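Enquirer: Below is the structure I would like to discuss, written out as C-alpha cells.
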Amino acid sequence: MPVTLQDKLDRLPPKRRAKVERRAAELIAEEVTLKELRKALALTQVDLARRLKIKQASVVRIEQRSDLLLSTLRKYIEAMGGDLEVVARLPNRPPVRIGALGDLEHEREQESAA
C-alpha cells in the first residue's frame, strides 16, 4: 500500500509538523499569480489595459497564460509600477541576477534614458 504525504505528516512529532506547516505557508504566500498581484495593487484589468495600450481581453489572456515571453511579463510588471528581475538559484552558488533579457526596444529605451 502506498504511503501518502498525509501519512508522513501524521507520523511527524508535533513540533516538526508545525515547522513544516509554517514553512509551507511561507512558500505559498511567496507565490502569487499576476491577477492576484494586480488586485493587491487595487488595479483593474481595464486600468492595466489602458497603461499597456491593449484591450482588456488581452490582459485576461496574459493573466491566464502559464507561459509568457519575458518581454510581455516585463511590460505587465512595469505597467503596475514595478521592475522585473530574473534571478537564477543554482546548487552551491549564491543567487545570480540574469541581465540582458528583454526586447531590443526596451534596451534602447534604457540606453537613451541614461
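Enquirer: Return the residue satisfying two criteria in turn: it lies in region 74-104 and is of a type in the set (Lys, Arg) and outside any strand (DSSP E or B), and of such residues it is farthest from residue 38 (Cα to Cα).
Expert: Among them, the one singled out is 93.
Enquirer: Now for a separate question. Just for region 59-73: of the residues that are among the aliphatic types (A, V, I, L, M) and assigned to a helix (DSSP H, G or I), which one is modelled with the lowest pLDDT?
Expert: Here the answer is 70.
Enquirer: State yes or no: is residue 42 modelled with pLDDT of 85 or more and under 24 Å from residue 72 (Cα atoms)?
Expert: Judged against the criteria, residue 42 is a match.
Enquirer: Is region 22-32 home to any residue that is modelled with pLDDT of 85 or more, surrounded by 10 or more Cβ atoms within 10 Å (Cβ to Cβ) and under 17 Å from the mean Cα position of the chain (by Cα)?
Expert: yes
Enquirer: Spot the failing condition for residue 53; the list is (1) over 16 Å from residue 74 (Cα atoms); (2) loosely packed, with under 11 Cβ neighbours inside 10 Å; (3) in the same structural domain as residue 77 (by TED's automatic domain parsing), and only one is missed.
Expert: It is condition (1) that residue 53 fails.
Enquirer: Within the group 39, 15, 8, 75, which residue is surrounded by 10 or more Cβ atoms within 10 Å (Cβ to Cβ) and not assigned by TED's automatic domain parsing to the domain that holds residue 100?
Expert: Going through 39, 15, 8, 75 in turn, the sole match is 8.
The values are calculated or read from the model by the stated rules, or taken from the named source; none is laboratory data. A quick note: this is a predicted structure, and the numbers were derived from the prediction, not measured. Because the Cβ atoms are built from the backbone with ideal geometry, glycine has one as well, and the counts that use them run over all protein chains shown.
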